[in-house]
Every structure is written in C-alpha cells, then in structure tokens.
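Asker: Below is the structure I would like to discuss, written out as structure tokens.
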Amino acid sequence: MSTSTSRPSWRPSELELSRRDVRRRATGRSVLIGIVSTIAFAAIVGLLVVNTPGWESVKASFFDFEVGAASVPSILVGLWLNIQVLFISAIGVAIFGTLLAVTRSLRGPVFFPLRAAATIYTDLFRGMPLLIVLYLVGFGLPALDIFPRMPAMFWGTIALILTYSAYVAEVLRAGMEAVHPSQRMAARSLGLSHAKTLRIVVIPQGVRKVVPALMNDFVSMQKDVGLISILGAVDAVRAAQIQVAQSYNFTPYVIAALLFVAMSWPMIRLTDWLTARLAKREQIGGVV
Amino acid sequence: MSVLDVRGVRKQFDDHEVLRGVDLSIDKHEVVVLIGASGSGKSTLLRTINLIERVDDGQIVLNGDDITDPGMNADSARSRIGVVFQHFNLFPHLRVIDNITLAAREVHGMSKADATARAMELLVSLGLGDKARDYPDRLSGGQQQRVAIIRAVLTDPELLLLDEITSALDPQLVGEVLDLVRRLKTDGSTILMATHEMSFAREVADRIVFMQGGRIVEQGTPAQIFDSPQEPETVQFLSRVRH
Ligand SMILES: Nc1ncnc2c1ncn2[C@@H]1O[C@H](COP(=O)(O)OP(=O)(O)OP(=O)(O)O)[C@@H](O)[C@H]1O
Ligand SMILES: [Mg+2]
C-alpha cells in the first residue's frame, strides 16, 4: 500500500512542522463548525416536530415506552427467524447466483438453450416485485399438491433465493466480464480447461471487483426478509403486528424497525469501509 | 523428427489475411527468432500454434501430433506448449508461488509439494526466492516477466513460445529477462520467439525467420540474415530497424 503511516526515519523539518500546525488548526476549526451546525440543525428540526399540532398523539401511539419495552421479547424471537432465513437464503443465493452467472457466460452454440434460459430467468426475476414472487411461491407452489407440507418460512426462503439470485447473477456477470480477456487467455495457454479457468482465475477476480455491490444486495436482503411475514411466518414484522393489534399502539413497529436497522448496521458500515478501502487501493493522489 | 511443423497455415480476420500460408519447422533444442515489421503476423502465428486462434487452413504438428485436428484435445495440446506474453499476464490474485505452480497442480497432476519444491528451486536460482509469497503487483516488471517465464517452463514444455517478452519493460530491466532466455537455451529448451531486440536475436538465435505480410520471406542463420540478406524486403526491413 502506498500510504504508509509507519514512523518516518527522519526528523521533520521546521517547514514541515509549521505546515502541519497550520493544517491542524484549519482542521480543528472545520470540525468545530461542523459540530455546531449539526447540533443547531438537529435542534431546529426537533423543535419543529415537537411543536406540530399532532405531535402529542403521534408520541402517544408511536413512542410509548411501556408498550415498546413489553413487545421487545416477542419481536426478538421473530427476528431470530428472520436471521435464520437470511442465513440460509444468503448461502442459496451464493450458489444459485453463481450458477446463473456462469451459465450466462458459457460460449458456443451448444449452450444456446441453457444460456437463453438463464437470460430469461434473470430478466423475469429482476423485473418482478419480490412481494408477488412471495405470493406465487408461498401460495401457488404448495397448492400444486406435489410438495410435502412445508412451513411458511421455507417458501419465503425459496422466494428470496429465486429473486436475489437474479440480482446477484447480474452483478457477478458484470464482475466476470470486467476481468481482462488476457487473464483468460493466459489460463487457457497453461492448459487449464474452460471450467478451471472460470473457477480459479475468472470468478475470484470478478467477485473481487464487485464486492461492494454484492454487499449492498446483502444489505437489502436483510430488510426484505421481513416480507416473509405476509406468508404467515411469525417473524419480527409479524410479531410486531400481533403486538400492535393487542395494544392498539404502533410502538412495536418502531421497535421492529430499530431492530432491523441494528441488524443491518454492521454490514452497512462494513460495506462503506470496504468500498472506501478498495477505492483507495486503486488510486494514487490521495489529496484530490 | 521436428518438435514443431507448421504446414501451410493461413489465418484471416474478416477480410484481412494475416497469415498467407506459413511453413516452418523447428528441431529439438533449436532457438528460432521471428522478426518482421509490426503487423507482419508474428503474434498471430504464435497464437495459432498455441491454439488460441484457430487456423483457417493448414496444419500444426507438435512432435508428430496434428494439434489442429478437431479430434485433438486442445487443452492437453496447450499444456505441452509454454507461452510467455508481452504483458506477463500473471494472475494478480494469486501469490507468485501459486501462479507458478498452478498448471503443474491443476493440469499435470503434480503434487503441491513437488511443484512447490521445483518452483522454489528455480526462484532461488534466479534470486527471486524471497518473492515467492508476494503478490505479483509487488514485483518489478523484470521480476514479473521472469516469474511468467518460470510459470511457462515449470512443467518442461516441449516447445516454448515467447512473444516480445521484453517490449513492455524499462530498458534497465531487459537484461535480466534476456539472461534467463540465454539460460533456457543452454539448458536445451526448444524456443520460438518474436522480438524487436535485433542484437539479442543475433546472439541467441540458431535461425532467424523474417516475416512480411503474413509470409515467411527469408530464413537462415543470424549471419546470413543480418550480414547478407538475399531478399529486397529483408534488406529494406533491416535498414529501417538499424538506421
Ligand atoms: N483478433 C484479431 N482481430 C482482427 N485483426 C487482428 C486480430 N489479431 C491480429 N489482427 C491483425 O493481424 C495483423 C497481424 O497482427 P500481429 O499481432 O500478428 O502482428 P505482429 O507481427 O505480432 O506485430 P507486432 O510486431 O506489432 O507485435 C495486424 O494487422 C492486426 O491488426
Ligand atoms: Mg506481436
């Protein structure tokens, strides 16, 4: 890495020290202005909201501490279901999405039918709202009466995998196409088969190029797992709904929302950090 | 029997005939150097021999096997030929040692321990032993190109193809790469290389092949070609590269 922060071996000159001093003071001033303006802005927004005519009733029905606290345990139990579904779906998407991407990248007339099928599939599932896929899979497939009885979370997981594999396949395909053709040529020259070239040379490099995009898809899947509640699975959203119905108060929704944010927050920060790091690795000229 | 027999090879891109019937045969331990103007078809010829481009006519025979036969397994034919490119084309996501041993492990069925031992021996003998665990982008151009050459020769290919392997290097790094080629020649490799380094061609070649417009115009020993070329095109080309 070009920007090293290790201790230099020389003693900085007077000139460098005075430059650092000026920069430090300028930075201090900017930070101070930033803090003050943020606080002022938050205070103004807060005052405006609190002084709206409906604030008292909104506060009572959305921010009731007791109702909120009472709903936490059951929502957490529901969230655990979301996490399980998310985990299995992520694995399923990784496998199925990669298969789709590889199928779409196959060359030669022999593979035309497979390639066409994969293309139609990704077009279809990228265009269809997840909600509709959930209905079709969750209510349609069981109605065929050819599958054993499965819980709602099973069908929810299938629907998530079907939809998100289409997105992920497109991202992966873009990554694979961004790998320079000379890499493929070098691998084939060594005698590697098409399949080994993909597995060892193209896919690992392609995935690296699209890590931020893949992580973004994962973040949006983290909240979309909440949609499996429409199939009747008692997840966090469903649990909150039940609490709302019992207490005639909307606070459980706010709790569920906060818990979803808490669940995806580490991933969001990680994505941001990694994107910044990749960008830094690829550019010289850190000042501009 | 010759290691390589190129017989009447033709190659066309759209309307552009790039190889117009090339005949060339190379004996074991022979070092043959292709020279010729830019666009004369040197790289294309090397790529057809390595089956990266398919010939439009003619045959390529490697130690008696017609590798242009559709029934021939192209992967196994390629695995018998080592290739080094102008831009190294190392795999950036693999460490130097894994770049070098990849084909040995995945294509030639060598054990990881054996492949690594061989690779380390070569790296150490070239003063690159401490680079084995680095990623390619940490190496200088000359080091990367020598790693690419080691990668190509690790499994003792029957033929080594080198396409302008010093053109992308800073002048002061060319020497270390050429030294390695000299060593491969001493060790008895069979080499077909394209280059613009005329003095090196003269020194290392057993035979010089001059190409122009997709044909072999003239060939002979370095002395014959450089000191008393017979064909007017050869004379003209040499006067241009020397001036
Ligand atoms: N894939 C391709 N598609 C179309 N034309 C090509 C292709 N590859 C090579 N050519 C053309 O074939 C001709 C010969 O190219 P080639 O790279 O073999 O020349 P060369 O002798 O290696 O030249 P240089 O010394 O510049 O490397 C050129 O006119 C080039 O534009
Ligand atoms: Mg060339």
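Asker: Do you know which of the residues in region A:191-202 that are in a helix (DSSP H, G or I) and open to solvent by less than 40 Å² (accessible area, probe 1.4 Å) is farthest from A:R277 (Cα to Cα)? Walk me through how you get there before you give the answer.
Answerer: Taking region A:191-202 first, the residues in a helix (DSSP H, G or I) are A:194-202.
When the remaining residues are screened for being open to solvent by less than 40 Å² (accessible area, probe 1.4 Å), the result is A:197-198, A:200-202.
Details: A:T197: 28, A:L198: 26, A:I200: 24, A:V201: 23, A:V202: 22 Å.
For region A:191-202, the residue satisfying everything is A:T197.
Asker: (1) surrounded by fewer than 22 Cβ atoms within 10 Å (Cβ to Cβ); (2) within 14 Å of chain A (Cβ to nearest Cβ); (3) modelled with pLDDT under 95: which one isn't true of B:V107, the others all being true?
Answerer: Among (1) surrounded by fewer than 22 Cβ atoms within 10 Å (Cβ to Cβ); (2) within 14 Å of chain A (Cβ to nearest Cβ); (3) modelled with pLDDT under 95, the lone unmet condition for B:V107 is (3).
Asker: Say we look at region B:28-67 and pick out the residues that are of a type in the set (D, E, K, R) and away from ligand 2 (no atom under 13 Å from the Cβ); which of these is nearest to the chain's Cα centre (by Cα)?
Answerer: B:E30
Asker: Helices (runs of 4 or more DSSP H) wholly in region B:87-178 with at least 2 residues that are closer than 25 Å to B:K42 by Cβ - which ones? Can you show your working first?
Answerer: Details: elements: B:96-106, B:112-125, B:141-153.
Here the list reads B:141-153.
Asker: Can you tell me which residues in region B:34-76 are more than 20 Å from A:L190 (Cα to Cα), within 14 Å of ligand 1 (Cβ to nearest atom) and open to solvent by 60 Å² or more (accessible area, probe 1.4 Å)?
Answerer: Result: B:S38, B:G39, B:D56.
Asker: Being β-branched (V, I, T), crowded, with 18+ Cβ neighbours inside 10 Å, in contact (Cβ under 8 Å) with a residue 40 or more places away in the chain and in contact with a strand residue (DSSP E or B) (Cβ under 6 Å, 6 or more places away or on another chain) is the requirement here; does B:V96 meet it? Working first, answer last.
Answerer: On the way: β-branched (V, I, T): yes; crowded, with 18+ Cβ neighbours inside 10 Å: yes; in contact (Cβ under 8 Å) with a residue 40 or more places away in the chain: yes; in contact with a strand residue (DSSP E or B) (Cβ under 6 Å, 6 or more places away or on another chain): no.
Considered against the rule, which asks whether it is β-branched (V, I, T), crowded, with 18+ Cβ neighbours inside 10 Å, in contact (Cβ under 8 Å) with a residue 40 or more places away in the chain and in contact with a strand residue (DSSP E or B) (Cβ under 6 Å, 6 or more places away or on another chain), B:V96 comes out as no.
Asker: Filter region B:183-201 down to the residues that are more than 16 Å from ligand 1 (Cβ to nearest atom), buried (at least 21 other Cβ atoms within 10 Å of the Cβ) and of a type in the set (A, V, I, L, M) and list them by number.
Answerer: B:I191
Asker: I would also like to ask the following. Looking only at region B:132-156, which residues are within 29 Å of B:D65 (Cα to Cα) and open to solvent by 30 Å² or more (accessible area, probe 1.4 Å)?
Answerer: First pass over region B:132-156, keeping only residues within 29 Å of B:D65 (Cα to Cα): B:148-156.
Listed by number, the residues that qualify are B:T155, B:D156.
Asker: Moving to a separate point now. Can you tell which of A:A195, A:A166, A:A186, A:A143 is among the hydrophobic types (A, V, I, L, M, F, W, C), touching a residue at least 24 places away in the same chain (Cβ under 8 Å) and assigned by TED's automatic domain parsing to the domain that holds A:I75? Show your work before the answer.
Answerer: Numbers: A:A195 fails: touching a residue at least 24 places away in the same chain (Cβ under 8 Å); A:A186 fails: touching a residue at least 24 places away in the same chain (Cβ under 8 Å); A:A143 fails: touching a residue at least 24 places away in the same chain (Cβ under 8 Å).
The conditions single out A:A166.
Asker: Checking B:Q212 against (1) more than 14 Å from chain A (Cβ to nearest Cβ); (2) open to solvent by less than 20 Å² (accessible area, probe 1.4 Å); (3) touching a strand residue (DSSP E or B) at 6+ places or on another chain (Cβ under 7 Å); (4) within 16 Å of ligand 2 (Cβ to nearest atom), which test does it fail?
Answerer: (2)
The values are calculated or read from the model by the stated rules, or taken from the named source; none is laboratory data. Worth saying up front: this structure is predicted, and the values here are computed from it rather than measured. Backbone-built Cβ (ideal geometry, glycine too); neighbour counts: all protein chains shown. Areas reflect the complete protein model, heavy atoms only, side chains present, ligands, DNA and RNA absent. Shrake-Rupley method; radii C 1.70, N 1.55, O 1.52, S 1.80 Å.
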